[in-house]
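I have placed the structure first, in the form of structure tokens, so that the comments after it can refer back to it.
The values are calculated or read from the model by the stated rules, or taken from the named source; none is laboratory data. Computed from a predicted structure; not experimentally measured. Cβ placement follows ideal geometry from the backbone for every residue including glycine, while neighbour counts extend to all protein chains displayed. In case anyone asks, the SASA skips ligands and DNA or RNA and just uses the protein heavy atoms, side chains included. Shrake-Rupley method; radii C 1.70, N 1.55, O 1.52, S 1.80 Å.
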Amino acid sequence: PELRRRRFRPIPVRMLVPNVITLLAICAGLTAIRLSTEGRMELAVAAIVFAAVLDGVDGRVARLIKGQSRFGAELDSLADFVNFGVAPGLILYFWQLHDLNNVGWIAAMIFAISGGLRLARFNVLDEQKDRPAWQVEYFVGVPAPAGAVLVMLPLYLSFLGLTPTKTIAYAGVAFTVLVAFLLVSRLPVYSGKSIKIPGD
């Protein structure tokens with residue numbers, strides 16, 4: 001009994017809070033997928049934007065309350081892949097890319113896979129402690145949340161009255177592949193990590 005009690009050590013609240021925020025972000029991403037299958041695209045996009053806000057909050061909260069953990073970092077990567085790789089690709093597919101059958105599906109998969117590759121590279125680079133100081137201040141490639149918000153530009157235009165056509169669908173495919181390329185590119189993007197928050 002004593003050994004059993006030792007195995008189940010209490011988890012500090014400061015470790016739980018950031019992970020709960022990350023789990024809420026995953027819920028938002030999964031809900032966005034459901035909303036897109038139901039044709040409620042405005043709400044689906046709003047759910048992705050909400051997930052992006054939560055993604056920006058969880059890391060800052062973890063640093064603020066000293067709640068960083070390896071588990072939290074891995075969970076955050078999983079959330080980013082779901083919310084900013086899989087979900088936007090499916091939303092675009094259910095919106096109009098499905099009109100192009102396999103072409104639209106391939107574009108959606110390319111975006112999702114590129115998001116996964118971008119996150120895997122980020123994790124590898126983040127573990128390298130001997131990087132030059134200037135590289136620490138920059139992401140390599142467009143960050144996954146920014147890519148997710150950017151790739152849904154065709155949807156924003158449709159909300160403003162742009163009529164979906166076959167031509168628009170092909171343009172959407174090209175734009176989706178372009179953003180996917182930006183995710184896996186070597187383009188340096190300022191991270192803003194050096195910006196201090198109260199309590200840092």
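Got a number for residues in the stretch 38-56 being touching a helix residue (DSSP H, G or I) at 6+ places or on another chain (Cβ under 6 Å) and surrounded by fewer than 20 Cβ atoms within 10 Å (Cβ to Cβ)?
2
Checking the condition touching a residue at least 60 places away in the same chain (Cβ under 8 Å), among the acidic types (Asp, Glu) and open to solvent by 40 Å² or more (accessible area, probe 1.4 Å), which residue from Asp99, Asp126 passes? Spell out the reasoning first.
Values: Asp126 fails: touching a residue at least 60 places away in the same chain (Cβ under 8 Å).
Of the residues listed, the single one that is touching a residue at least 60 places away in the same chain (Cβ under 8 Å), among the acidic types (Asp, Glu) and open to solvent by 40 Å² or more (accessible area, probe 1.4 Å) is Asp99.
Check Phe94, Phe84 and return the single one that is assigned to a helix (DSSP H, G or I), under 24 Å from Ala47 (Cβ atoms) and touching a Pro at 6+ places or on another chain (Cβ under 7 Å).
Just one listed residue meets the conditions, Phe84.
Please work out which residue is modelled with the lowest pLDDT, limiting yourself to the stretch 142-193 and to residues that are among the aromatic types (Phe, Trp, Tyr) and farther than 20 Å from Phe94 by Cβ.
First, the residues of the stretch 142-193 that are among the aromatic types (Phe, Trp, Tyr): 156, 159, 170, 175, 181, 190.
Filter once more, so that each one left must be farther than 20 Å from Phe94 by Cβ: 181, 190.
On the way: Phe181: 95, Tyr190: 76.
This residue is Tyr190.
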